[in-house]
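Below is one structure, written out as structure tokens; the observations come after it.
The values are calculated or read from the model by the stated rules, or taken from the named source; none is laboratory data. The shown structure was predicted, so the numbers you read here are calculated from the model rather than taken from an experiment. Neighbour counts run over all protein chains shown; Cβ positions are idealised from the backbone, glycine included. Side chains are part of the model used for accessible areas, which takes the heavy atoms of the whole protein and leaves out ligands, DNA and RNA. Shrake-Rupley method; radii C 1.70, N 1.55, O 1.52, S 1.80 Å.
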Amino acid sequence: MATSDPTVKTAPAVDETGPDSSRILQTRGLRKAFGGLTATDDVDFALEAGELRCLIGPNGAGKSTFLDLLTGRLEPTAGKIYYDGADITGLPSHERVDRGISMKFQVPSVYEGLTVAGNLRIPLQRVVEPDAFDARTREILERFDLLAERETVAGELSHGQQQRLEIGMAMAMEPNLLLLDEPVAGLSVEETADIADLLREIADDDGVAVIVIEHDIDFVETIADRVTVLDGGSIFREGSIEEIRTDPEVKRIYLGEDR
Ligand code: ADP
Ligand code: MG
């Protein structure tokens, strides 16, 4: 039975003394209510440094709300968020960014009227000294395959290029934790494969912890170390992609919807 499976979610190692320092991120009893609707319901979540975790679940499961609580875009109704050994629950978003939490939102948020290089300038100005600016810009353009588009206005990029630019902007902040809300929605098979490679590199080579919200279970299968399934605002299951994919209850609440 899935409920007796040792890989299934158990309480994280947080006590009154604070977070487990081996984890880059932990939440404890995290809750968000919108009036009578509980969008995030007592979530105890833990992520290791350099881990790539996929967050799946049906529409309205509370995936975006959970990431919004991590970035500080939303304030929790109850509970705690620990990042890199510190309680960040009350910190404003910009201070979380300064501590190394970067987010790529669901809605594309490149500056359409600026060039690709101009877009990168915005995050880079916060972290890079002026003399290192050009070299760092070039490095990011190369890595995200946008060198030829350097002077292209972002509004004229393909959807896949825009997504790569946005991930590049988030990585320009040199994060330790990168949060992505549906980064491959609407992309072609090739564009999706490019993003999958980039995310694996970011976790494996840069050691950045990554949380990706994604609907496409095939994409999840190609990238994830572990998968967390949210349903009704709570953690429903957690495990390897194989465990999640073959779990009949997960199939029932989630996979059965689109497949
Ligand atoms: P998901 O990203 O998994 O599709 P969301 O986190 O966007 O789910 O939403 C979870 C639930 O919270 C949904 O029922 C949604 O309607 C509700 N919700 C999200 N944001 C708000 C808000 N700002 N005000 C009221 N209800 C919200
Ligand atoms: Mg969402």
Just to be sure I understand the filter: pairs with C-beta atoms under 6 Å, separated by 6 or more residues or on different chains, first member in the range 48-75 and over 16 Å from residue 92 (Cα atoms), second member in a helix (DSSP H, G or I) and near ligand 1 (Cβ under 7 Å from one of its atoms). Which pairs pass?
55/63; 57/63
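Residues are listed down the side, and each one gets a yes or a no for (1) more than 16 Å from ligand 2 (Cβ to nearest atom); (2) crowded, with 22+ Cβ neighbours inside 10 Å; (3) part of a helix (DSSP H, G or I):
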{"position": "192", "(1), (2), (3)": "yes, no, yes"}
{"position": "197", "(1), (2), (3)": "yes, no, yes"}
{"position": "201", "(1), (2), (3)": "yes, no, yes"}
{"position": "211", "(1), (2), (3)": "no, yes, no"}
{"position": "230", "(1), (2), (3)": "no, yes, no"}
{"position": "244", "(1), (2), (3)": "yes, yes, yes"}
{"position": "251", "(1), (2), (3)": "yes, no, yes"}
When residues of the range 118-140 are limited to those that are open to solvent by 70 Å² or more (accessible area, probe 1.4 Å) and charged (D, E, K, R), the one farthest from residue 166 (Cα to Cα):
131
Where residues in the range 53-69 are among the aliphatic types (A, V, I, L, M) and over 16 Å from residue 27 (Cα atoms), which of them is farthest from ligand 2 (Cβ to nearest atom)?
56
Test: residue in the range 35-47 that is over 19 Å from residue 229 (Cα atoms) and in contact with a strand residue (DSSP E or B) (Cβ under 9 Å, 6 or more places away or on another chain)
no
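Scan the range 141-161 for residues that are assigned to a helix (DSSP H, G or I) and open to solvent by 20 Å² or more (accessible area, probe 1.4 Å) and jot them down.
First, the residues of the range 141-161 that are assigned to a helix (DSSP H, G or I): 141-143, 147-149, 154-156, 159-161.
Selection gives 142, 143, 147, 148, 149, 155, 156, 159, 161.
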Among residues of the range 32-58 being within 14 Å of ligand 1 (Cβ to nearest atom) and closer than 12 Å to residue 232 by Cβ, the residue surrounded by the fewest Cβ atoms within 10 Å (Cβ to Cβ) is 37
